[in-house]
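Notes for the one structure printed next.
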Amino acid sequence: MKTRIALLLSFSLATTASAADEAAAELWTQKCKSCHGPDGRAQTQMGKKESIVDLSQPAWQKAQSDDDIREVISEGSSRNKKMKPYKEKLTPEQIDSLVKYVRTFKKG
């Protein structure tokens, strides 16, 4: 009985995490992909035009804290004025999910 409950709990948590990952991916597609690309490398027309940083670079990933990323999403970029703030358009939970999503980008 305990094993079944543990298995159900594990499956439930995995399903919840998977749904959260899918929601973050969908949010990225809707709000970020047109400039940052599907993989964060900014190899899009706008990304190239605006010289948007490659978010998959290990040095960039290391240099940016989660709070730094959260602030840029919330407040917009001081480096590129075309990156507008999303604090009025996204919930704090959605912003946090995007921070986690950005952390999945790997140079490869």
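The values are calculated or read from the model by the stated rules, or taken from the named source; none is laboratory data. No experiment lies behind these values; they were computed from the predicted model shown. Note: ideal-geometry Cβ built from the backbone for every residue, glycine included; neighbour counts use all protein chains shown.
For this structure, a couple of remarks:
One line per residue, one yes/no per condition, for (1) part of a helix (DSSP H, G or I); (2) among the basic types (Lys, Arg); (3) touching a residue at least 12 places away in the same chain (Cβ under 8 Å); (4) in contact with a strand residue (DSSP E or B) (Cβ under 8 Å, 6 or more places away or on another chain):
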{"residue": "35", "(1), (2), (3), (4)": "yes, no, yes, no"}
{"residue": "42", "(1), (2), (3), (4)": "no, no, yes, no"}
{"residue": "47", "(1), (2), (3), (4)": "yes, no, yes, no"}
{"residue": "55", "(1), (2), (3), (4)": "no, no, yes, no"}
{"residue": "60", "(1), (2), (3), (4)": "yes, no, no, no"}
{"residue": "69", "(1), (2), (3), (4)": "yes, no, yes, no"}
{"residue": "74", "(1), (2), (3), (4)": "yes, no, yes, no"}
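- Of the criteria (1) surrounded by 12 or more Cβ atoms within 10 Å (Cβ to Cβ); (2) on the phi > 0 side of the Ramachandran plot, which one residue 52 fails: (2)
- As for the range 89-102, it holds at least one residue that is over 13 Å from the mean Cα position of the chain (by Cα) and either within 21 Å of residue 50 (Cβ to Cβ) or surrounded by 17 or more Cβ atoms within 10 Å (Cβ to Cβ) (or both).
- Criterion: modelled with pLDDT under 95, charged (D, E, K, R) and touching a Phe, Trp or Tyr at 6+ places or on another chain (Cβ under 9 Å) - qualifying residue of 39, 21, 54: 21
- Residue in the range 76-87 that is in a helix (DSSP H, G or I), more than 9 Å from the chain's Cα centre (by Cα) and modelled with pLDDT of 95 or more present: no
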